[in-house]
Every structure is written in C-alpha cells, then in structure tokens.
Amino acid sequence: MNKITLTLITAVGVLAAACKGMDAVDFAHLADEQPIKTIVPVNPNNGFITFKAGNATVNIDLAQGLRSADVRPRTLDIAGTAKNGGNPKFTFHAEESIIGFVQGVNIGNNNATYPADYIEYTDASGVVYSSRYVNDDPFYVYFSSIAYIQGGTLNGSFSGKLQSATGAQLNVKEGVFSVVFSN
C-alpha cells in the first residue's frame, strides 16, 4: 500500500469514529427509554437562559453549567429553572465529540442523537418538549465562548423545533444563554 492509500484509510476511520455510530442508531428502542432527567440548578451563579417559544418569551432565571467528572465521554449540561425552582425548566445535555467542547461548536439534537445529546424544555403548565421526539431538522446549540473549568463561563445561542411525547410541536428561536460551571 502506498502512503496516499494508507492516509485515506486512516482519515475514513477517524471520520467514522467522529460520527459516534450514527448509522447504527436503533430507533425502535426510543419508545422504551426512561423519561429524561431534568437537572435542577443548586447554585446558579447569576446565569440565564432566554428564548422565544412560539410567540412567548421565556426567561429562565436560575441557570448554571455542569461538567462531568468522567474522563470519557466528558459531558456538559446547561440547566435552568424559574426563580422558585419550578417551571419553566430547560436542560441541554451533550457528550463530547472528537472536536471537544470548544468555541464555535454547533451541536445538533434530535432523536438520532438521544440520549447522548438532547434538549428538554418544560413549559409553565408542565408540558415537556424534547429533541428526543424530533425526527427531522436538528435543534442546534452553538457555543460562542467556553471555559470548561470550575467557575468558567459558557455562552451561546440555540434554536430549533421541539416536540412533546403526544406530538405537539414547538418552535424555539432567538435562544441565548450565559452560565457559569458550578463544578
């Protein structure tokens, strides 16, 4: 084998690993999954999440970033609630890709990425909308800046479609967040 062929085979292997097994996703298991765990912030450090859900503006007043203690895969969560700790609630969960948690990352979330990457929003009346139920266009979360350390900040934006377990759809736009990693 020559160097060019070997380089091409290596590049294809790295690319396949980066896709995190997307072609082998078993969609049939999604109906049997347990409900997504909503993370409730303990120490929000003045973080916020704001967005438009349909035509209504939603402000999440208590928000924080959480990092995993695991080495592989490292995870990242953005979580927030209303001031009283109740609804509305917002959770974004992501497992680190081969690129890492870095400035400029744009993470797509839909049923093909669940449970590694997902969004969950519980509105004021208690209806849960999730990227878990979205079959097509991903819900995107973009990191404009990140310091993945305790006390570091994570800023970004998000938008996309979410869906309830009963099929009700919700368009989310103009989402922005700024959180501090509490751990």
With a 1.4 Å probe and every protein chain left in place, work out the accessible area per residue of segment 80-182 in Å², rounded to a whole number.
42
Probe radius 1.4 Å, ligands and nucleic acids ignored: give me the carbon and sulfur share of the accessible area of segment 47-181 as a rounded percent.
48
Which whole-Hz couplings ³J(HN,Hα) result when phi for each residue of segment 127-139 is put into the Karplus expression 6.51 cos²θ - 1.76 cosθ + 1.60, θ = phi - 60°, listed in order with x for Gly and Pro?
6, 9, 10, 9, 6, 4, 9, 8, 8, 10, 3, x, 8
How much length is gained on full extension from ALA124 to VAL102, taking 0.36 nm per residue of separation minus their Cα-Cα distance?
4.7 nm
VAL176 to VAL71: FRET efficiency via 1/(1 + (r/R0)^6), r the Cβ-Cβ distance, R0 22 Å, to the nearest 0.05?
0.15
What residues from segment 99-127 fall in the zone where the backbone N is under 18 Å from a label point 7 Å along the Cα-to-C-beta line of ASN55?
124
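The values are calculated or read from the model by the stated rules, or taken from the named source; none is laboratory data. Remember, it's a predicted structure, so these values are computed and weren't measured experimentally. Counting neighbours? That spans all protein chains shown, and the Cβs are built from the backbone with ideal geometry, glycine included. Just the protein is used for accessible areas: all its heavy atoms, side chains included, with ligands, DNA and RNA removed. Shrake-Rupley method; radii C 1.70, N 1.55, O 1.52, S 1.80 Å.
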